[in-house]
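Engineer: Following this message is one structure expressed as structure tokens.
None of the figures in this text is laboratory data; all of them are computed from the coordinates on show. Remember, predicted model here, so these are calculated numbers, not experimental data. Note that we place each Cβ from the backbone using ideal geometry, even for glycine, and neighbour counts take in every protein chain shown.
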Amino acid sequence: MFRFTLFILVTFIACQGTMSSQPLYQFTITATKDICEKATAALEISGTEPSDTISILWSNGQANSRQIQELVTGNYSVNIKIKHKHDTLVFIKDTTLYFSVEKELCGVSIDKYFSPNGDNYHDKMEAGNFEYYPNFEFTIFNKWGQQVHSQKHSYTPWDGKWNGIELPDGTYFYIFFYDSSQKTKFVKGDVTILR
């Protein structure tokens, strides 16, 4: 999560007269990364007074909200207008802040072990976040490097069998390609069968 804090000594446009004291506003934008779920951004404003009128306009079109969601990777801005009254004077502060949302690879999670012994408890190897990669390729090998399981595009929990035959207890090794047509990004690891 990124957090940007800006301290701004506000210079107001006075509608009439002069102001003896100028408020110090602090603006903080917090933005998450576009990882598994789309990003969010939040705006914090401090230094305002209860009588101040604040209007907010985000670059995605959302207005008068201190938080926005469903942001994809890219550059964004937020425009803040603060109308401040002091005695008979009205002052307006208008500022725009800029921030970026970065893309990060959504990690997959694969069980470290499972127990295909028919007791209906952890009988299959489960995996998470495969649904974010519709073109994935997932292959499992035994300790001699022989392929014992493979699947693409749609994940089905593995039952520890190869061609319908139960594999012996032990450690197996996998490779997960995020995109089977471009095998440049992948994850390797191991999973253990314990009956």
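Engineer: Using a cut-off of 26 Å between alpha-carbon atoms, which lysines can reach Lys81, once sequence neighbours fewer than 8 places away in the same chain are excluded?
Structural biologist: Lys81 reaches Lys93.
Engineer: Pick from Leu89, Leu43, Leu105: which is most flexible by mean-square fluctuation in a GNM of the chain where alpha carbon atoms under 10 Å apart are linked?
Structural biologist: Greatest mean-square fluctuation among the candidates belongs to Leu89.
Engineer: May I pose another question? With charges only on Cβ, +1 for K and R and -1 for D and E, what is the dipole size of the chain about its Cα centre, in debye, rounded to 20?
Structural biologist: Value, rounded to 20: 440 debye.
Engineer: For the residues Trp144, Trp162, Trp58, what sequence is obtained by ranking on other C-beta atoms within 10 Å, fewest first? Please list the in-between numbers first.
Structural biologist: Working: Trp144 6, Trp162 16, Trp58 19.
The fewest-first ordering by Cβ neighbours comes to Trp144, Trp162, Trp58.
Engineer: OK, next. Once Cα extents along the principal axes in Å is worked out from the coordinates, which option in (1) 50, 46, 37; (2) 75, 41, 32; (3) 88, 36, 22 does it equal?
Structural biologist: Read-out taken from this structure: (3).
Engineer: Using a Förster distance of 30 Å, how high is the FRET efficiency between Ser154 and Thr30, based on the Cβ-Cβ distance and rounded to 0.05?
Structural biologist: 0.25
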